[in-house]
Amino acid sequence: MAMLEIKNVTRRFGDFSAVENVSLSIESGEFFTLLGPSGCGKTTILRMLAGFDLPDAGQILLDGKDMVDTPPEKRPVRTVFQNYALFPHMTVAQNVAFPLKMARIPAAVQRKQLQEALEQVHLTDKAAAYPHELSGGQKQRVALARGLVSRPRLLLLDEPLGALDAKLREEMQVDLINLQRDVGITFVFVTHAQVEALALSHRIAVMRAGKVEQVDEPSRLYSAPCNRFVADFIGHINLLDASVLQAAHGHHVHLDIAGLGEVLAPPHVGLASGGKGYFAIRPEQVRIGVHEEVRELKNHFSATVQQFLYRGDVTVYKVRLDNGMVLEALLPNAAPGRARLFEVGDTVSVGWRHDAGVFLVA
Amino acid sequence: MAPEMSEKTQSSRATRLARWLVSGPPLLFLAVFFLLPSAIMVLASFRYPGEFGGLAPLFSTVPGVLHGLTFETYQFFFSDIIYVQVFLKSFLVALATTLICLLLAYPLALLIARSPKKSRDLMVLLVILPFASNFLVRVYAWMILLGPQAALSQAINAVLALFGLTPVHLLFSPFAVLVGMVYVHLPFMVLPLYTNLEKHDPMLLDAAQDCGANAWQRFWRITFPLSMPGILSGAALVFIPVLGMFAIPDILGGTGDMLIGNLIKEQFLGTRDWPFGSTLSIMLTLAVLAVAWLAARLGRGGKYYA
């Protein structure tokens with residue numbers, strides 16, 4: 001049995017359904033992320049886990065025990081709040097030791113655990129500072145230490161990196177991964193930043209409008225999204241209107257892309273001939289080149305370069321297919337002099353392997 | 001480069017002029033109506049009283065007429081323990097009033113601060129509504145409320161009679177003075193407290209609860225320490241006026257209850273001893289400054305608001 005079971009939980013505010021019949025199970029030691037656009041219900045779930053909100057229906061079981069009658073202060077659950085919510089009148093040490101003090105832990109043990117927690121977040125030298133004397137990243141680490149110090153069963157993180165600048169955010173991501181691995185505490189992380197979710201999580205639940213769309217490992221979520229929303233929300237993707245010509249023919253399916261022709265795609269369970277939907281393919285799976293380079297691929301078409309965006313590590317080409325659809329292709333700039341292989345207006349070939357991409361039922 | 005420089009000096013001269021234009025009139029007002037009278041008061045405390053009130057002349061050639069400067073009033077103040085006692089008593093009354101105001105105002109301020117935004121303004125308005133009527137009228141109203149014929153006195157004395165105790169007089173007692181002081185000064189405690197409490201981030205209480213703090217601990221460990229600046233300014237706004245207050249003890253305290261305020265008033269309007277009245281006023285000012293200094297030192301914990 002999973003450590004945390006969310007069973008058919010529903011939460012409504014008036015007519016608005018913030019969370020609708022959500023079920024999730026989270027294992028001990030897992031780094032689990034709730035990912036979705038704002039208003040998708042992820043924060044409401046977090047508040048219900050912390051105890052600040054209660055489900056209208058359904059159950060939340062922690063270690064098999066229903067949490068409905070346990071107020072926030074009695075739950076073995078800590079939260080790292082979005083804006084840190086550090087106590088401004090307490091020093092770093094007093095902030096971090098606060099949960100220990102509330103739990104009436106003997107002073108000697110308090111000192112030891114405080115020291116450990118400060119070391120974990122590299123803030124030992126800031127113990128006597130007040131929150132207003134700290135940088136954003138340091139405040140963030142104080143909030144983390146305060147969350148971890150009393151060894152909760154569950155640590156909830158509400159967009160904790162949202163207020164940091166990009167560079168710092170990347171550093172904190174690495175720190176968070178290491179920290180979670182070292183302490184072994186189950187993390188439930190809430191974010192709308194898909195890059196962050198992919199980098200940090202063991203598993204991700206993608207949410208939309210109060211419902212869970214897909215729960216999977218980051219790589220599965222990226223390579224095999226279950227529907228158009230997930231495909232579109234995670235990373236960049238080309239979506240082409242398509243219908244199934246012939247389902248499950250050997251190692252691939254035959255799709256018809258409107259105005260373009262037949263395309264081979266990886267097999268997919270439950271497809272019926274004639275089914276309508278989208279063919280989804282990531283920009284980095286689309287090859288772009290002169291005709292000879294691409295023609296060996298089973299799926300290849302001619303196109304015109306419409307626009308390119310030089311991003312440093314990669315160059316993104318937008319090409320127009322003969323049917324008028326615009327496709328994004330991505331070329332890594334690993335070799336020198338490759339930043340700009342094609343000009344706007346060039347006729348090129350684009351193609352992709354027959355085992356790339358995925359068909360999404362509409 | 002040169003024209004730029006002169007432009008710069010010109011603009012800084014303009015800002016300096018603007019600054020003086022803005023701060024000049026209030027500074028002038030303070031100089032004329034605060035500094036000057038204070039200086040007059042200090043000078044008056046070293047002079048002799050005039051024969052029929054007022055002050056004796058500084059210079060006089062008439063034999064037998066007291067003139068010049070003297071330390072007599074200060075010697076007089078320290079030679080009789082009764083003046084120190086009046087000071088102490090006034091301090092105690094001011095302290096008690098401040099504490100009672102704090103105890104009454106805190107829950108009220110907290111209630112207003114945590115009410116929905118729409119009803120807050122109305123509640124604040126109700127707190128300051130008593131200011132709409134005259135202060136003396138309101139204090140006289142307490143004479144009626146506390147009088148022997150009032151329901152309050154009758155009820156208390158009826159209960160006392162049940163236990164065979166002698167009836168009490170509420171009016172013209174230290175109790176009545178305290179009631180009047182608290183009643184008049186309560187809004188001065190509520191408003192700064194409310195202003196402070198209203199600014200508290202509710203997220204901090206969530207965070208404290210998340211860390212395992214129950215309602216009681218959330219109050220004592222978060223709300224209360226964070227409201228310290230509000231408490232200190234409220235305390236100053238109550239303590240200092242109560243220390244010098246004479247009207248309330250005059251009306252509700254009867255003849256036996258003399259505080260510094262009454263003593264000073266008596267020097268100017270009764271015995272007509274202006275020098276001694278000035279001395280008492282200076283001692284009071286020094287005492288208030290000492291208290292303010294102490295409060296400022298205590299309030300230095302507020303540095304985390306920087």
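Nothing in this text is a laboratory measurement; each read-out follows from the coordinates by a stated rule. Computed from a predicted structure; not experimentally measured. Heads up, the Cβs are rebuilt from the backbone with ideal geometry, glycines too, and the neighbour counts pull from every protein chain shown.
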### Diffusion coefficient, µm² s⁻¹, Stokes-Einstein with Kirkwood Rh over alpha-carbon pairs of the range A:145-199 at 4 °C and 1.567 mPa s
110
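To the nearest 0.05, what FRET efficiency results for A:LEU168 and B:ALA290 with a Förster distance of 51 Å applied to their C-beta separation?
Details: r = 49 Å, r/R0 = 0.96.
Here the calculated transfer efficiency is 0.55.
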### Message
Students often forget the sequence filter, so: which aspartates and glutamates lie under 18 Å Cα-Cα from A:LYS318 once same-chain residues fewer than 8 apart are removed?
### Response
A:ASP232, A:ASP241, A:GLU284, A:GLU328, A:GLU343, A:ASP346
### Task
Could you give me the percent of Cα pairs per 10 Å distance bin for the range A:116-155, shortest bin first, beginning at zero and ending with the bin that holds the maximum distance?
31, 55, 13, 0
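With runs of 4+ DSSP H residues as the only contributors, calculate the mean residue ellipticity of chain B at 222 nm using -39,500 (n - 2.57) per run, divided by the residue total and rounded to the nearest 500. Please list the in-between numbers first.
On the way: 14 runs with 208 residues, N = 306.
After summing the helix terms and dividing by the residues of chain B, the value is -22000 deg cm²/dmol.
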### Of A:ILE204, A:ILE288, A:ILE45, the one that fluctuates the most in a GNM where chain A has Cα springs shorter than 10 Å
A:ILE288
### Query
Points 7 angstrom from Cα along the Cβ direction at A:HIS132 and B:PHE59: gap in nanometres?
5.6
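Going by C-beta contacts inside 10 Å, put A:VAL361, B:VAL238, A:VAL174, B:VAL62 in order with the fewest on the left. Kindly include the intermediate steps, with their values, before the conclusion.
Working: A:VAL361 15, B:VAL238 28, A:VAL174 11, B:VAL62 7.
Arranged by neighbour count, lowest to highest, A:VAL361, B:VAL238, A:VAL174, B:VAL62 become B:VAL62, A:VAL174, A:VAL361, B:VAL238.
Please report, largest first and rounded to whole Å, the three semi-axes of the ellipsoid equivalent to the range B:43-185, where each semi-axis is the square root of five times an eigenvalue of the C-alpha gyration tensor. Mind showing how you got there, number by number?
Details: eigenvalues 398, 127, 51 Å².
Equivalent ellipsoid semi-axes, largest first: 45, 25, 16 Å.
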### Task
Run the quick spin-label model on A:GLN306 and A:THR347: label points 7 Å from Cα toward the beta carbon, then report their separation in nm to one decimal.
1.9
## Note on the structure
Among B:SER119, B:VAL177, B:PRO229, the residue whose Cα sits farthest towards the positive end of the charge dipole of chain B (+1 at Cβ of Lys and Arg, -1 at Cβ of Asp and Glu, taken about the Cα centre) is B:SER119
## Note on the structure
Note on the range A:268-362: the mean projected area of its alpha-carbon convex hull, in nm², is 7.0
### Query
Helix A:107-120 versus the longest principal axis of chain A: what is the Cα-based angle in degrees, 0 to 90, to the nearest 10?
20
### Over the range A:261-310, equivalent-ellipsoid semi-axes from the Cα gyration tensor in Å
26, 14, 11
### Query
Using DSSP loop states and a limit of at most 10 other Cβ atoms within 10 Å to flag GluC sites (Glu not before Pro), what is the longest stretch of chain A containing no flagged site?
A:1-295
#### Entry: Charged-residue dipole, Cβ positions (Lys, Arg, Asp, Glu), the range A:236-361 about Cα centre, Debye nearest 20
200
### Query
Within straight cross-link reach of B:LYS89, meaning Cα distance under 19 Å, which lysines are found once same-chain residues fewer than 8 apart are removed?
B:LYS265
### Query
Hey, how many Å between the Cα centroid of the range A:46-81 and the Cα centroid of the range B:166-228?
32
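What dipole magnitude, in Debye to the nearest 20, does chain A give about its Cα centre under +1 on Lys/Arg Cβ and -1 on Asp/Glu Cβ? Could the numbers behind the result be given before it?
On the way: 38 positive and 40 negative charges, 198 e Å.
So the magnitude is around 960 debye.
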### Query
How high is the relative contact order of chain B, given as a whole-number percent (alpha carbon pairs under 8 Å, six or more residues apart)?
24
#### Entry: Among A:GLN59, A:GLN113, A:GLN307, residue whose mean-square fluctuation peaks in a GNM of chain A (springs only between Cα atoms under 10 Å)
A:GLN307
### Message
Restricted to Cα positions, what overall size does chain B have along the principal axes? Three whole-Å values, descending.
### Response
96, 83, 34
### Task
Would you please state the base-10 log of I(q)/I(0) at q = 0.05, 0.09 1/Å for the protein assembly as shown, with intensities from the Debye formula using one equal scatterer on every alpha carbon?
-0.47, -0.98
### Task
Give me the lysines in straight-line cross-link reach of A:LYS167: C-alpha distance below 19 Å, same-chain residues under 8 apart excluded.
A:LYS139
### Message
7 Å from Cα along Cα→Cβ at both A:GLN115 and B:ILE156: what's the point-to-point distance in nm?
### Response
6.0
### Query
Scanning chain B for helices, which whole DSSP H stretches are 27 Å or more long along the axis (Cα) and average 0.5 or more by Kyte-Doolittle?
B:81-113, B:174-198, B:274-298
#### Entry: Kirkwood Rh, Cα atoms: Rg over Rh of chain A
1.07
### Task
Using the structure shown, list the pairs from A:LYS42/A:LYS211; A:LYS42/A:LYS74; A:LYS7/A:LYS211 with a Cα-Cα distance above 20 Å, or answer none.
A:LYS42/A:LYS74
### Message
Quick check on chain A: helices-only [θ] at 222 nm, where DSSP H runs of length 4 and up contribute -39,500 (n - 2.57) each and the sum goes over total residues. Nearest 500, please.
### Response
-7000 deg cm²/dmol
### Summary
With Rh as the Kirkwood radius over Cα pairs, the range B:133-247 has Rg/Rh of 1.16
### Query
Taking the Cα atoms only, what angle lies between the long axis of helix A:166-183 and the longest principal axis of chain A, rounded to 10 degrees?
60
### Query
Where nothing but the Cβ of Lys and Arg (+1) and of Asp and Glu (-1) is charged, how large is the charge dipole of the protein assembly as shown around its Cα centre, in debye to the nearest 20?
1080
